[in-house]
1. Give the residues of the range 221-280 that are within 16 Å of the ligand (Cβ to nearest atom), without any contact (Cβ under 8 Å) to a residue 60 or more places away in the chain and over 19 Å from the mean Cα position of the chain (by Cα), sorted by residue number.
2. Quick one: what pairs do we get from the range 195-213, first residue under 18 Å from Tyr267 (Cα atoms), second within 14 Å of the ligand (Cβ to nearest atom) and among the aromatic types (Phe, Trp, Tyr), C-beta under 9 Å, 6+ apart or different chains?
3. What about Ala325, is it open to solvent by less than 30 Å² (accessible area, probe 1.4 Å), in contact with a strand residue (DSSP E or B) (Cβ under 9 Å, 6 or more places away or on another chain) and either free of Cβ contacts under 8 Å to residues at least 24 places away in the same chain or among the basic types (Lys, Arg) (or both)?
4. Does the range 273-281 contain at least one residue that is surrounded by fewer than 16 Cβ atoms within 10 Å (Cβ to Cβ) and modelled with pLDDT under 95?
5. Confirm whether Ser90 is within 16 Å of the ligand (Cβ to nearest atom), assigned by TED's automatic domain parsing to the domain that holds Ile140, surrounded by fewer than 21 Cβ atoms within 10 Å (Cβ to Cβ) and of a type in the set (Gly, Ala, Ser).
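The values are calculated or read from the model by the stated rules, or taken from the named source; none is laboratory data. Keep in mind the model is a prediction, meaning the values are calculated, not measured. Cβ placement follows ideal geometry from the backbone for every residue including glycine, while neighbour counts extend to all protein chains displayed. Note: accessible area is taken over every heavy atom of the protein model, side chains too, but ligands, DNA and RNA are not part of it. Shrake-Rupley method; radii C 1.70, N 1.55, O 1.52, S 1.80 Å.
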Amino acid sequence: MKVNKISIEEEIIRLLKKESHSFLSGQALSKTFGLSRTAIWKYINSIKEMGYSIAASPAKGYRLNLQNLPFTVLEISSNLKTAFIGKNISFYKEIDSTNEAAREFASKGAAEGFAVVADFQKKGKGRLGRRWESPAGVNIYTSIVLRPNIMPVFAPQLTLVAAVAVAETIARFLNNGSGYKPEPAVKWPNDILINSKKVAGILTEMNSEMDRINFVVIGVGVNVNMTKEMFSEGLEFIATSLKQEGGKEISRTAFIQLLYLNMEKWYAQYLKGGFEPVRKAWTSFFHMAGKTVKVQQTGKIMQGIAVGIDNDGALLLREKSGNIARILSGDVEM
Ligand code: BTN
């Protein structure tokens with residue numbers, strides 16, 4: 001019989017989790033799995049290499065530290081409540097860009113909900129050709145493949161669907177019961193801010209024909225546990241992390257699980273109920289309404305009062321003349 005090494009490791013992890021209140025002896029493990037104690041010891045080492053912290057004592061055996069579980073597919077999948085988003089994950093310790101990888105998988109037929117996750121991105125991509133700072137070990141970088149049966153012109157609405165899911169997830173993690181509860185805000189079209197600093201961004205890319213979408217990749221970057229010092233010079237004044245704002249470390253595993261669940265919920269709502277419920281939810285996070293903003297577009301800058309978004313997801317800007325301009329792309333500044 002072919003022994004699947006990964007599945008034995010998974011089984012050992014499962015057992016160590018169950019018994020984490022005390023040490024589990026090497027002898028008990030070797031009996032359970034019908035393996036020699038040396039073989040068990042080798043599996044334990046390989047589990048440690050996966051990032052698990054395991055105390056080992058020759059007299060007592062092994063004990064898993066549940067407080068310090070690694071960010072892995074196994075952990076993400078073990079408590080994932082979604083029906084399709086993240087059910088199939090390709091995970092990388094490092095990668096150029098999860099969006100690039102997801103596009104490649106999608107063009108080879110990856111199903112709706114397929115997700116790419118990375119611990120570190122060497123060439124994280126932001127909007128408008130910018131770079132997305134993607135240090136290792138602290139943040140979330142994920143890209144989700146969707147195959148919506150909608151016209152390509154509506155694809156930008158999916159960015160707003162994702163923004164609602166991200167903002168809702170962030171709000172849930174910042175509400176830690178301590179009394180102080182910073183609120184996430186959306187900045188059109190797809191930035192998530194806390195206290196006016198950017199904490200998350202969304203990059204939506206599409207592959208389509210004239211009248212049908214082949215696939216959409218929704219890339220989400222969230223600064224979760226990044227410290228001030230990790231930002232490159234100057235960026236710490238305009239960007240932040242959940243840890244900096246909420247004051248405590250957040251489990252990336254728990255965050256991504258809820259993010260996928262919220263994504264799935266809002267995506268289903270959008271497909272079923274259209275854009276209006278999404279527009280309403282997005283507006284509840286839009287704190288710029290009524291404020292004077294500048295919109296940088298290629299070649300021109302427009303100024304006016306932000307009114308909100310319309311049924312297509314375009315930003316509505318009241319100009320000095322009273323005219324309401326519909327903005328389809330650009331960068332908003334206060
Ligand atoms: C922006 O605000 O400019 C969008 C940033 C999007 C960053 C994420 S991180 C995961 C995914 N992979 C990328 O290369 N970019 C997106």
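1. The answer is Ile238, and nothing else.
2. Gly201/Trp132; Leu203/Trp132
3. Details: open to solvent by less than 30 Å² (accessible area, probe 1.4 Å): yes; in contact with a strand residue (DSSP E or B) (Cβ under 9 Å, 6 or more places away or on another chain): yes; either free of Cβ contacts under 8 Å to residues at least 24 places away in the same chain or among the basic types (Lys, Arg) (or both): yes.
Against the criterion (open to solvent by less than 30 Å² (accessible area, probe 1.4 Å), in contact with a strand residue (DSSP E or B) (Cβ under 9 Å, 6 or more places away or on another chain) and either free of Cβ contacts under 8 Å to residues at least 24 places away in the same chain or among the basic types (Lys, Arg) (or both)), Ala325 qualifies.
4. Let us first name the residues in the range 273-281 that are surrounded by fewer than 16 Cβ atoms within 10 Å (Cβ to Cβ), namely 273-274, 276-277, 280.
Adding the requirement that they be modelled with pLDDT under 95 leaves none.
No, there is no match, as no residue in the range 273-281 is surrounded by fewer than 16 Cβ atoms within 10 Å (Cβ to Cβ) and modelled with pLDDT under 95.
5. Numbers: within 16 Å of the ligand (Cβ to nearest atom): yes; assigned by TED's automatic domain parsing to the domain that holds Ile140: yes; surrounded by fewer than 21 Cβ atoms within 10 Å (Cβ to Cβ): yes; of a type in the set (Gly, Ala, Ser): yes.
For Ser90, the condition - within 16 Å of the ligand (Cβ to nearest atom), assigned by TED's automatic domain parsing to the domain that holds Ile140, surrounded by fewer than 21 Cβ atoms within 10 Å (Cβ to Cβ) and of a type in the set (Gly, Ala, Ser) - is met.
Yes/no per residue for (1) over 26 Å from Lys265 (Cβ atoms); (2) among the hydrophobic types (A, V, I, L, M, F, W, C); (3) open to solvent by less than 20 Å² (accessible area, probe 1.4 Å):
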residue: Gly86; (1), (2), (3): no, no, yes
residue: Phe105; (1), (2), (3): no, yes, no
residue: Lys122; (1), (2), (3): yes, no, no
residue: Arg130; (1), (2), (3): yes, no, no
residue: Gly137; (1), (2), (3): yes, no, no
residue: Ile140; (1), (2), (3): no, yes, yes
